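First the structure, in the form of structure tokens, and then the observations on it.
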Amino acid sequence: MGKKTKSICNCINMRRAANAVTDYYDRILKPSGLTVGQFTLLKNINWLGHPCSVSELAECSNLERTTVARNLKPLFNVGLIEDISKPNGRTRQLRVTAAGLEALETALPLWKTAQQGFKENIGTENLNIFNNLIYKLENI
């Protein structure tokens, strides 16, 4: 790939940065078998502390419901989450399985390493500025 240059488009620059950060976290989480997106969904399902619907998970994750539903499929496929809703139930009731809890246990220290590395890379002051800017951007 050639030399990376800034775009005059703020949106493109944000997308490039988001992709770079996602790739960074995914590289560090790789030994766990999870991507950062999968880790976040598992963590949020577990954090809720009860079986949750896709809509509740989407709200908790601050993501679109359709995005969450799509990103849950690989977690179902490898048995990290299960649907414990009643037959003919109108909404799924998601729960982390024992294998999912093991995956979280493996991934959590890796995620903490990624968090610390990110902080060290941009510095504490810049991290505070970054988080304030992200909050403002999410509320545009």
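Only the coordinates and a few stated rules stand behind these numbers; no lab work does. Please read these numbers as outputs of a predicted model, since none were measured by experiment. Note that each Cβ is placed from the backbone with ideal geometry, even for glycine, and that neighbours are counted across all protein chains shown.
One line per residue, one yes/no per condition, for (1) free of Cβ contacts under 8 Å to residues at least 24 places away in the same chain; (2) in contact with a Leu (Cβ under 9 Å, 6 or more places away or on another chain); (3) over 23 Å from residue 118 (Cα atoms):
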position	(1), (2), (3)
4	yes, no, no
14	no, yes, no
27	yes, no, no
41	no, yes, no
48	yes, yes, yes
61	yes, yes, no
73	yes, no, yes
If the Cβ limit is 6 Å and pairs must be 6+ apart or interchain, which residue in the stretch 97-121 that is among the hydroxyl-bearing types (Ser, Thr, Tyr) pairs with which residue that is exposed (fewer than 13 other Cβ atoms within 10 Å of the Cβ)? 97/79
Selection over the stretch 54-113 where residues are out of contact with any helix residue (DSSP H, G or I) (no Cβ under 7 Å at 6 or more places or on another chain) and closer than 19 Å to residue 28 by Cβ yields a count of 5
